[in-house]
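The values are calculated or read from the model by the stated rules, or taken from the named source; none is laboratory data. The model shown is predicted, which means the values in this text are computed figures rather than measured ones. Cβ placement follows ideal geometry from the backbone for every residue including glycine, while neighbour counts extend to all protein chains displayed. Ligands, DNA and RNA are excluded from the accessible area calculation, which covers all protein heavy atoms including side chains. Shrake-Rupley method; radii C 1.70, N 1.55, O 1.52, S 1.80 Å.
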Amino acid sequence: MLLRINCVTVAIFVFVVMFLHSNDASANATVASCQEMLLAGRYEDCLKATTDAVANKSYGEEWPILKAESELALGKYPEALETVAAGIERYSWSVRLRLLQYKSALANGKRDLAAAALAETEKLVSSASWRYTDADDLVALGEIAIALGADAKAVQEGFYERARKNYPNRPDGFLAAGRLALKKGDVPFAAELLTAAEKTMPDQADINFLLSEAYRTSDAEKATEFLKKSLELNSNYAPAMLRITEQQIDREEYEQAEKTIQQLLTVNPNLPEAHSLQSVIWHLRNDEAAAETSRAAALKFSTANPEVDHLIGRKLSQKYRFAEGAAFQRKALEADVEFVEARIQLAQDLLRLGIEEEGWQQAEQAYKADGYNTTLFNLLKLKDSLGRFTTVSSEHFQVRMETNEAAVYGPRVLALLEQAWTDVTARYEFTPEVPVYVEIYPRVDDFAVRTFGVPDVAGFLGVCFGKVVTANSPATRKENPGSWESVLWHEFCHVITLQKTSNRMPRWLSEGISVFEERRTDSRWGQHMTPDFRDRILAGDVTPVADLSSAFLTAKSGEDLNFAYYESSMLVEHLVTVHGLPALNAVLKDLNDGVQINDALDRHTDGLDILEESFAKFLNEQATAFATGVEFATEELAAAKLVDLVSVKAFLKDHPQNFSAIILYASLLIKADQLHEAQSQLKKLITLVPQDDHTNGPRRLLSDIYKQREQTELEMQTLTEHLQYSADDLEAAMRLQELCELLKQPERVVELGATIFAIDPFQPSALTRTVTAAESLGQTDVAISALTSLLTLQKDDAARLHFRIAALLKETDKESARRHVLLALAHAPRYREAHKLLLELVKEAAPQQSNAEAVKPSALDPPASREMPTTEPQN
Ligand SMILES: [Zn+2]
């Protein structure tokens, strides 16, 4: 319902309004100074001043408003209600006091009174709407309209936009609109609006805070800046401090978070959000009794406040405790069935738990209640995309993929996952719940919405929620190819460790195990020592174990993040090397039993301190052993801006082991056709840094020289070496496969086919080479699976592909062979060889069956919808 603004003119109110605007200057000054106190967080001062003013019967609705606002900020909820009631007695026409009455009533758990305040406002407005055109009043009316269930868009336009237009120098219209937009997930609108407001009103804590919220997911640095500024303007500003508490919890800095909570409670001992977050920390420490005490404190004045359980649940879900999170959202909905935020969160929790049917139901129900919410809009759009997906299953997995993608590499996904299942369940002595759900998205935005609730989140390859894994398809990685097989392996390890610990594990340990297991499975997978890592370690720039989880959240660059993965994985590797896998398993078991990580490490190693010390030594040894003496710094070289051989050579005199300088030198030599010298420089580099796996590293450059000189054997040898270190270099693998085919090495062609498929399964030429090689080796299964992938990728070639499958199957599976030959003929009815093969098969299988019957396609065969080709397929 939307409040209507009628144009009723009642003369008497004109007088009142005129009177209002003729307040004497001294009173104005005091109101202004009290407003300043409130904005600066001097709530006690403001309360004292306004209490005096009210006692002295100073005129103006501002006095009880400022008094009640400071009482609310101090957690004096019952007092605020009294202040408002007294104010309304004197200023019965005030809609701002009604809004405060509504808010104070809710803070005190008095829902009837809150509803009555809304109803009274409606009455006031319908009898004298003309008087409420002030920015403050318009905003108050907008908030009341929202509380009455009005459409958010209508409120934005009808109230907040008017407030901004009429009073561009008042913050109210900007703040209310920004808050509403953020709540509904319309971040760009909020950012645009508030950026403009901040320019004209730079000293408002709340504008700065909302701006930091708007930038929270897109620009962490900017967000932190605005957050800091909001606290500079008001050091007691609760929303900003609550956000900081949440960030500390995210970073697993629970002690610091508790300190912030204490600061909040010093100002407002009854702040429900502060107690809720304290309850979250108790949950994470597995102290259920303390968690309940904090929850009760949060609900002290308003026992049915749904926000409390919603907040506790939301934070638990962020800690991957989706089942507990969902239970809290259900409690919130029990308290208030119309509390849509809880329903949205519940929908997402359920989807992440793999409880799809109810998850979508909840999302749709929430969308009916709130059509302006972009999270829901995106989620439901995703549901439409999912309609085009298909499910392929194996014993332990249900994999959802786009239908075409499933046809190309679905079977390999299942085989790989089952292999991971066998291997990792045995190692970690744990069997997760079945089925494990895996979803592979060919569109990055769909993946992001499914995973994070919002589109435009880049940089993630896969995410595991415990029972559900989401991943980006290799189709999304054309620009930056990499092994999708390693991603699925990594995520499946999370399935094991998260379930084994009931999601009670620090981030670093979970990531560390996943990367460690990647490397153990295939030495090319996972993070390895790099020049940058070496320099960080040797410079002592290593994160202490206690802060390792937060390193994932505070990473400022991709390299920072990669280093967090690397360091965590090396710590796990070190732990397993020194204490054995059973010790790691015992740590995981302890975590599941509620033991804290440092205690668990103390129990199953020689103690955290000794572990840290020996780890530092181990890591330093790794760094020292990596490319000894090689200089990787690039600053000096970049600053010198060298472009010719002579100057680079001169630079190398002072920096004989500078990696980038040698690479540059070699490149210039190649350009100048001095291939022999280039070759010897690159060979020198390979000896210095044999682990280098860069796509533009020395081995790749060297192989280019061999290619130029047509020294095929040497080119192949160099590429082979390179691919022993890289599982991601599509171009190198493609080239090598081509050469192996030329030199008639079918085994290697098949082997490289698998390498290429693990990076990019959509490469027809690689698949075609694999088929031919596998056919020649009698590897029927390999040939058939590559041909099956090709059927989707080369639809125009379907007749010949079906025929080749049929020919491969004719000895072992006549029925399938017959089906494929019929499909070949459906695509090319005059395909002579196919007719011949069919005849053979029919004769052998059922001599009594007539030819006409046999040729009729079975019900399973897809209809040939296209025009039939009239010629035989060409080779
Ligand atoms: Zn991971």
Subject >> Part-to-part distance (alpha-carbon centres) for segment 451-475 and segment 335-382, which is given in Å >> reply: 19
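At a 10 angstrom cut-off on C-beta neighbours, averaged per residue, how do the peptides 649-656, 97-104 rank from highest to lowest? Don't skip to the answer; put the middle values down first.
Numbers: 649-656: 13.1, 97-104: 25.9.
The packing order, highest mean first, is 97-104, 649-656.
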**OP:** Starting from the Cα of LYS103, draw a straight line to each of the lysines and keep only those under 21 Å, dropping any in the same chain fewer than 8 residues away.
**Re:** LYS67, LYS76, LYS123, LYS183, LYS184, LYS300
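How many times 2.2 N^0.38 Å is the alpha carbon radius of gyration of segment 53-98?
Working: Rg = 9.7 Å, N = 46, 2.2 N^0.38 = 9.4 Å.
Here the answer is 1.03, to two decimals.
For segment 743-853, give the percent of accessible area contributed by carbon and sulfur heavy atoms, probe 1.4 Å, rounded to a whole number.
52
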**OP:** Measure nothing but the geometry: give the 0 to 90° angle between the long axis through the Cα atoms of 698-708 and the longest principal axis through the Cα atoms of the chain, rounded to 10°.
**Re:** 40
**OP:** Quick one: angle between helix 340-352 and the longest Cα principal axis of the chain, in degrees between 0 and 90, rounded to 10, please.
**Re:** 20
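Can you give the Rg to Rh ratio for segment 298-386, taking only C-alpha atoms and Rh from Kirkwood?
On the way: Rg = 12.8 Å, Rh = 13.0 Å.
Using Cα coordinates only, the ratio equals 0.98.
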Subject >> Burial order of peptide ranges 822-828, 390-396, 671-677, 520-526 (average beta-carbon count within 10 Å, highest first) >> reply: 822-828, 520-526, 390-396, 671-677
Original post:
What is the gain in length, in nm to one decimal, between GLN745 and ASP203 on full extension, counting 0.36 nm per residue of separation less the C-alpha to C-alpha distance?
Top reply: 187.8 nm
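Using a 1.4 angstrom probe on heavy atoms only, work out the carbon and sulfur share of the accessible area of segment 340-404 in %. Numbers along the way, then the final one.
Numbers: 1300 of 2870 Å².
The C+S portion of the solvent-accessible surface of segment 340-404 is 45 percent.
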**OP:** Please give every one of the lysines within straight-line cross-link reach of LYS653, meaning a C-alpha to C-alpha distance under 20 Å, and leave out same-chain neighbours fewer than 8 residues apart.
**Re:** LYS641, LYS683, LYS684
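Can you tell me how much longer the chain between SER816 and LEU645 gets when fully stretched, taken as 0.36 nm per residue apart minus their C-alpha distance, in nm with one decimal? Walk me through the intermediate numbers first.
On the way: separation 171, 0.36 × 171 = 61.56 nm, distance 6.38 nm.
So the extension gain works out to 55.2 nm.
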Original post:
How far apart, in nm, are two points set 7 Å out from the Cα along the Cα-to-Cβ line at GLU36 and at ASN166?
Top reply: 2.8
Original post:
Between segment 679-709 and segment 176-223, what's the alpha-carbon centroid distance in Å?
Top reply: 50
Subject >> Length added when fully stretched, LYS228-SER127, from 0.36 nm per residue minus Cα-Cα >> reply: 31.9 nm
**OP:** Normalise the Debye intensity by I(0) for the chain, one equal point scatterer per Cα, no solvent, then take log10 at q = 0.05, 0.08, 0.10 Å⁻¹ and round to two decimals.
**Re:** -0.40, -0.90, -1.17
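Report in % the part of the accessible area of segment 621-665 that belongs to carbon and sulfur, leaving out ligands and nucleic acids; probe 1.4 Å. Provide the component values of the computation, followed by the final result.
Numbers: 1530 of 2540 Å².
Exposed carbon and sulfur together represent 60 percent of the surface.
Give me D for segment 62-218 in µm² s⁻¹, whole number, from Stokes-Einstein with Rh from the Kirkwood sum over alpha-carbon pairs, 20 °C and 1.002 mPa s. Intermediate values should be presented prior to the final figure.
Numbers: Rh = 16.1 Å.
Approximately 133 µm²/s, per Stokes-Einstein.
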Original post:
Rounded if a/c is under 1.5, else prolate if a/b beats b/c, else oblate: with a ≥ b ≥ c from the C-alpha gyration tensor eigenvalues square-rooted, which is segment 567-659?
Top reply: prolate
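Roughly how many Å² is the accessible area per residue of the chain, as a whole number, for a 1.4 Å probe? If you can, show how the numbers build up before the last one.
Values: 39860 Å² over 875 residues.
Per residue, the chain has 46 Å² of solvent-accessible surface.
Which FRET efficiency value, to the nearest 0.05, do you get for GLU721 and SER765 by plugging their Cβ-Cβ distance into 1/(1 + (r/R0)^6) with R0 = 25 Å?
Details: r = 23 Å, r/R0 = 0.93.
It comes out at approximately 0.60.
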**OP:** Return the FRET efficiency for the residue pair GLU635, ALA296: r is the Cβ-Cβ distance, R0 is 41 Å, and the value is rounded to the nearest 0.05.
**Re:** 0.10
Original post:
Once you put a point 7 Å from the Cα of GLU833 and another 7 Å from the Cα of THR624, both along the Cβ direction, what distance in nm separates them?
Top reply: 6.4
**OP:** Taking the chain as the reference, fit the longest principal axis to its C-alpha atoms, fit the long axis of helix 288-298 to the helix C-alpha atoms, and give the angle between the two in degrees, 0 to 90, nearest 10.
**Re:** 40
Subject >> Simple label model, 7 Å out from Cα along Cβ direction - LYS153 to GLU433, nm >> reply: 3.9
